[in-house]
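The values are calculated or read from the model by the stated rules, or taken from the named source; none is laboratory data. Nothing here was measured: the structure is a model prediction, and the numbers come from that model. We place every Cβ from the backbone using ideal geometry, glycine too, and count neighbours over all the protein chains shown. What goes into the accessible areas is simple: the full protein's heavy atoms, side chains included, and nothing from ligands, DNA or RNA. Shrake-Rupley method; radii C 1.70, N 1.55, O 1.52, S 1.80 Å.
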Amino acid sequence: MTALAMLTLGANIISAQVKLQSNNIDDVLKAMTLEEKAMLVVGGNRRIESQEANGMLGGHARQVPGAAGMTQAIPRLGIPSSVLTDGPAGVRINPRRENDPNTYFCTGFPVGTALACTWNTELVEEVGKSIGNEVLEYGCDVLLAPGMNIHRSPLCGRNFEYFSEDPYVTGKIAAAYVRGIQSQGVGTSIKHFAANSQETNRMGVDEVMSQRALREIYLKGFEIAVREAAPWTIMSSYNRLNGPYTQESKDLLTTILRDEWGFDGIVMTDWTGLRNTAAQIQAGNDLMEPGSESQIKDIIDKVKSGALAEKDLDICVKRILQYLVKTPSFRSYAFSNKPNLEAHAAVTRRSATEGMVLLKNEGNALPMTNVKTVSVFGTTSYDFIAGGTGSGDVNKAHTIDLMQGLTEAGLQVNSKLATLYKDYQKYQQSLAAAAPARGGWFLGKAVLPEMAVSRPIVNVQAQESDLAIITLGRQAGEGSDRHEEGDFTLTDVERQMITDVCNAFHLAGKPVIVVLNMGNVLETASWKGMPDAILLAWQPGQEGGYSVADVLTGKANPSGKLTMTWPVNLIDLPSSANFPNVRTANRTRGNNKVELQDFTKHKEGIYVGYRHFVTEDKEVSFPFGFGLSYTTFAYSKPVVKATKDGLVASITVTNTGKRPGKEVVELYVSAPAGGLDKPARELKAFAKTRELKPQESQTLTMSLSNYNLASYNEATQSWETAPGKYTIKFGASVNDIRATGTYNLRKQHVVKCHDVLKPSMEL
Ligand code: BGC
């Protein structure tokens with residue numbers, strides 16, 4: 001008998017009057033059959049057709065084609081279905097529907113990395129409000145976002161969806177994003193919990209790490225988001241973590257998440273098939289997505305055989321009911337399918353400029369002054385990349401390319417060069433159309449191979465235009481990691497293009513600007529000396545070309561700073577010794593051949609990103625926290641005062657330059673000797689000024705708790721803040737400390753935790 005048939009039978013014998021209300025959850029639970037309980041904890045995607053045939057479809061999930069998942073409706077108990085939709089850069093649903101003249105496009109916002117680089121929690125909250133409004137108005141209940149895994153290596157294919165190599169920035173930006181979305185009365189699913197730091201073998205790899213690295217680096221961001229923003233849901237990852245799958249880890253999903261952090265929402269799996277359902281439920285994984293008949297059957301069989309206690313299932317069912325009564329579906333919200341896309345486009349355009357990072361600006365090449373004609377090089381200039389691929393992609397109505405952006409800003413783009421690129425683009429597209437498909441939506445649209453431009457053509461351009469812009473593009477996404485060659489490093493054609501354009505334009509006394517249109521880190525040390533300016537535009541969302549032009553022309557002053565280190569070489573990162581696709585002395589891998597490995601040992605422990613580089617005093621290409629401005633800022637002498645449970649630090653920032661601008665102040669802490677081994681300094685707070693006019697000042701105040709200063713001691717299984725003198729450093733980047741203060745902690749501060757998730761093998 002199918003689960004559905006059993007369900008119908010169950011419904012016949014039980015005459016239930018009870019209908020779900022926010023105050024009768026226990027009664028509804030009591031009225032549910034075993035089959036109904038099993039159905040509720042298994043997502044409903046694959047059974048819509050059969051449900052309709054049986055007259056069972058409730059809710060409106062069918063009305064949101066393209067949404068990633070749903071929960072099952074049980075109409076006899078008044079339980080609606082709810083709709084779960086991707087993803088971090090905006091709502092991902094199908095833009096067109098059968099026999100329907102309307103369109104359902106969503107706004108493509110800047111990718112997660114770009115948002116984090118704004119260091120502006122208010123702005124991120126505003127972006128969240130706009131995305132949340134589209135979730136609501138398109139009839140969805142939960143956004144499967146934000147992605148908040150740690151940038152352990154620049155090769156992770158999904159880094160563009162994530163925020164940083166640092167857990168504190170990650171947690172603070174995520175909390176702001178969640179607050180923004182949830183202010184609209186819809187939920188979020190912070191993901192992927194936890195340590196989903198690589199795409200290679202993501203369904204099988206065991207991420208092996210010390211308890212300290214786990215707590216301090218890979219869980220901390222989630223802890224901050226859970227404690228500060230109470231997300232409705234959290235998504236357990238595909239991978240294993242120190243042994244078991246995260247989805248089956250009671251230590252992770254109950255002991256740490258609920259008992260220690262107080263999470264009271266639901267945990268759903270990432271989009272996995274049948275695993276050990278009993279272990280998932282016992283672990284506290286409430287919902288299996290996207291859901292299959294076999295999972296329902298498995299749960300029913302296991303309860304009947306005694307392998308799964310019904311009371312454990314009841315815990316998950318009750319939590320799902322508690323989640324459902326918060327949803328717009330439950331209150332039958334009359335969604336419009338008409339969010340204000342125009343208003344959201346303006347939010348996108350503005351937020352993207354604030355996340356852009358000016359990496360170099362020699363001789364004040366930017367903002368452009370007295371520039372009328374521009375030669376625009378690079379295939380990506382004419383085919384701008386709004387966001388990454390896979391579930392992090394958004395079906396937006398358009399993407400503004402750089403050519404459009406510059407033209408709207410009143411610049412004359414050299415049309416001969418533009419025509420060359422457009423013809424090349426057409427030719428490449430015709431080749432692609434003739435070639436077999438590369439794997440559908442999952443891989444997304446490929447970036448065209450760079451077009452080689454001959455020196456004579458470049459030389460003519462240097463005569464005809466006032467300035468050259470070169471865009472370098474990279475694309476990546478879910479399902480595979482990036483490669484070192486050609487993804488992290490430049491291709492030969494790109495290197496030649498930069499060399500030739502810089503030579504020709506510099507000979508003519510004209511500047512060259514490089515725009516980086518990517519969601520991840522690029523090798524820059526070998527070529528950054530050549531151009532006059534480098535603007536890291538990230539993947540800035542659908543208005544990208546406008547946003548870049550706003551920054552290049554000075555309409556917007558860039559105030560983004562890096563939330564990750566840009567190393568000289570990939571191998572300088574300690575994680576490279578144990579990350580797929582990195583060339584090392586004893587590991588030679590073909591560029592396209594990825595070996596599956598069953599485990600990844602995090603031998604570097606807590607020394608991820610800048611924590612390694614500052615402690616070892618090792619050279620980088622661009623440090624964590626770095627970003628230039630068109631103006632300059634002075635930092636006052638700071639004030640640091642002890643409070644009841646920590647400290648409050650303040651500093652006054654003055655705009656000493658000639659243009660209005662915003663400044664991010666990063667607060668790093670160096671711990672006293674005598675406690676645990678610590679990085680030379682760690683980010684513990686940050687703040688951003690409003691836009692300051694020339695000569696204007698603002699005092700920024702940041703509070704820190706003693707708990708925030710703690711490190712995780714595996715010997716005592718507790719967070720410990722050692723007594724002694726802490727140096728509080730106010731930086732414009734991790735390597736540019738402008739002012740210091742001190743904080744004395746008299747007594748050790750301790751928070752006891754559970755001894756769980758020990759490494760599954762020797763590190
Ligand atoms: C991704 C998730 C996403 C889900 C639903 C999975 O493959 O890892 O991030 O939310 O699909 O589309």
Flagged links, alpha-carbon separation over 20 Å, of LYS561/LYS662; LYS172/LYS318; LYS528/LYS561 | LYS172/LYS318
Could you work out the equivalent-ellipsoid semi-axes for the chain, taking the square root of 5 times each eigenvalue of the Cα gyration tensor, largest first, in whole Å?
-> 43, 32, 24
So, counting K/R as plus one and D/E as minus one, what does the shell of residues with Cβ under 14 Å around GLY157 add up to?
-> -2
Would you mind working out the magnitude of the charge dipole of the stretch 631-752 relative to its Cα centre, with +1 at each Lys and Arg C-beta and -1 at each Asp and Glu C-beta, to the nearest 20 Debye?
-> 380
Can you tell me the FRET efficiency between ASP677 and ASN99 if r is taken as the Cβ-Cβ distance and R0 is 51 Å, rounded to the nearest 0.05?
-> 0.20
Along the charge dipole of the stretch 631-752, Cβ charges K/R +1 and D/E -1, which of GLN717, PHE633, PHE686 sits furthest on the positive end?
-> PHE633
Which listed residue (SER236, VAL347, LEU490) has the Cα farthest towards the positive end of the charge dipole for the chain, taking +1 on Lys and Arg C-beta and -1 on Asp and Glu C-beta about the Cα centre?
-> VAL347
Given the rule -39500 (n - 2.57) for each run of at least 4 DSSP H residues, summed and divided by the residues of the chain, what is its mean residue ellipticity at 222 nm, to the nearest 500 deg cm²/dmol?
-> -8000 deg cm²/dmol
Accessible surface of the chain, 1.4 Å probe, proportion on carbon and sulfur as whole % | 50
Any idea how far apart GLN463 and LYS338 come out in nm if each label point goes 7 Å out from Cα toward Cβ?
-> 5.7
Where only protein heavy atoms count, and the probe is 1.4 Å, what is the accessible area per residue for the stretch 197-272 in Å²?
-> 22
Quote the charge dipole size of the stretch 351-564 about the Cα centre in Debye, to the nearest 20; the model charges only the Cβ of Lys and Arg (+1) and of Asp and Glu (-1).
-> 300
Against the longest principal axis of the chain, how steep is helix 121-137, in degrees 0 to 90 to the nearest 10, with axes from Cα atoms?
-> 50
Mind checking which lysines have their C-alpha under 26 Å from LYS422, skipping anything on the same chain fewer than 8 residues away?
-> LYS372, LYS396, LYS445, LYS510
The stretch 351-564, accessible area per residue, ligands and nucleic acids excluded (1.4 Å, Å²) | 35
Can you pull the Kirkwood radius for the stretch 631-752, inverse mean 1/r over Cα pairs, to one decimal in Å?
-> 15.2
Could you pull out every one of the aspartates and glutamates with an alpha carbon less than 13 Å from that of LYS297, ignoring same-chain neighbours closer than 8 positions?
-> GLU35, GLU36
The helix 293-305 Cα axis meets the longest alpha-carbon principal axis of the chain at an angle in degrees, between 0 and 90 and rounded to 10, of 40
What angle, in degrees between 0 and 90 and rounded to the nearest 10, separates the Cα long axis of helix 415-434 from the longest principal axis of the Cα atoms of the chain?
-> 30
A chain fully extended from ALA418 to LYS304 at 0.36 nm per residue, minus the present Cα-Cα distance, gains in nm 34.2 nm
Toward the positive end of the charge dipole of the chain, about the Cα centre and with charges on Cβ (Lys, Arg +1; Asp, Glu -1), which of THR740, THR71, SER760 goes farthest?
-> THR740
Of the peptides 146-159, 470-483, 568-581, how do they stack up when ordered by the mean number of other Cβ atoms within 10 Å, highest first?
-> 146-159, 470-483, 568-581
Dipole of the chain, Cα-centred, from +1 at each Lys and Arg C-beta and -1 at each Asp and Glu C-beta, to the nearest 20 debye?
-> 1140
What whole-number value in Å² describes the accessible area per residue of the stretch 68-194 for a 1.4 Å probe?
-> 17
With label points built 7 Å along Cα→Cβ from the Cα atoms of THR643 and GLN425, find their separation and express it in nm.
-> 5.1
Please give, to one decimal in nm, the separation of the simple spin-label points placed at GLU762 and ARG746, each 7 Å out from Cα toward the Cβ.
-> 4.7
